[in-house]
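**Q** I'd like to ask some things about the structure below.
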Amino acid sequence: MKTLSLALAAFMLPLASAGFAAEGDLSLSDGYARSSNPKAGAVFAMLHNAGGSDCTLQAVATDSAEVAELHTHEHGAHGVMRMTKVEAGFTVPAGGTHLLERGGDHIMLMGLTAPLENGAEVALTLDFGDCGTLQATVPVDNDRQAEAAAPMAHDGAPMTQH
Ligand SMILES: [Cu+2]
């Protein structure tokens, strides 16, 4: 029966959908990139850590932009949300997940080498320090709607989207 399960595993590998990647205990699911202008974009995904110790995403490299930074949104004065760089990185707890989502933590792409067109892909190298690196390719989906639970503006105040 071992032969059968190996054959099954080999059959299933090509079925891994775009926006999914795994390496060791680290994996990424439901990843996508989008942008609202030709210069900048952002990547969203669920990060998974199946290992026994916490892993922190410390840096991201990509050929699709001059700079990739770890950003989050926070509420500033008067309910206006603004983006700030997260120097400490995003920690994915042991056996847990960390969500990169619209209006929250995200990977910011600045100085796009080419506009993000629907159907294109963005290749990323996620550096988790001692936990290793994760290679991932995510599709561009500029039409994806934000989760309904994450309001993008307050009191009608306009907010910069990306
Ligand atoms: Cu940002």
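**Q** For ALA120 and THR97, what does the FRET efficiency come to when R0 = 30 Å and r is the distance between their Cβ atoms, rounded to the nearest 0.05?
**A** Numbers: r = 26 Å, r/R0 = 0.88.
With R0 = 30 Å, the Cβ-Cβ based efficiency is 0.70.
**Q** Now a separate question. Consider a paramagnetic label point 7 Å from the Cα of ALA146 along Cα→Cβ; state which residues of region 97-114 have an amide N under 14 Å from it.
**A** The answer is 101-106.
**Q** Please give the contour-minus-distance gain from SER53 to SER29: 0.36 nm per residue of separation, less the Cα-Cα distance, rounded to one decimal in nm. The partial results should precede the final answer.
**A** Details: separation 24, 0.36 × 24 = 8.64 nm, distance 1.97 nm.
Difference between extended and current length: 6.7 nm.
**Q** For region 27-136, what does the convex hull of the Cα positions come to per residue, in cubic angstrom? Can you show the working numbers first?
**A** On the way: hull volume 11.4 nm³, N = 110.
Hull volume over Cα atoms, normalised by residue count, gives 104 Å³.
**Q** Over the alpha-carbon set of region 80-143, divide Rg by the Kirkwood Rh and report the Rg/Rh ratio to two decimals. Before the final figure, lay out each step's value.
**A** Details: Rg = 13.7 Å, Rh = 14.1 Å.
Rg/Rh: 0.97.
None of the figures in this text is laboratory data; all of them are computed from the coordinates on show. Since we're looking at a predicted model, the values are computed, not measured. Cβ sites come from the backbone with ideal geometry, for glycine too, and all protein chains shown count toward neighbours.
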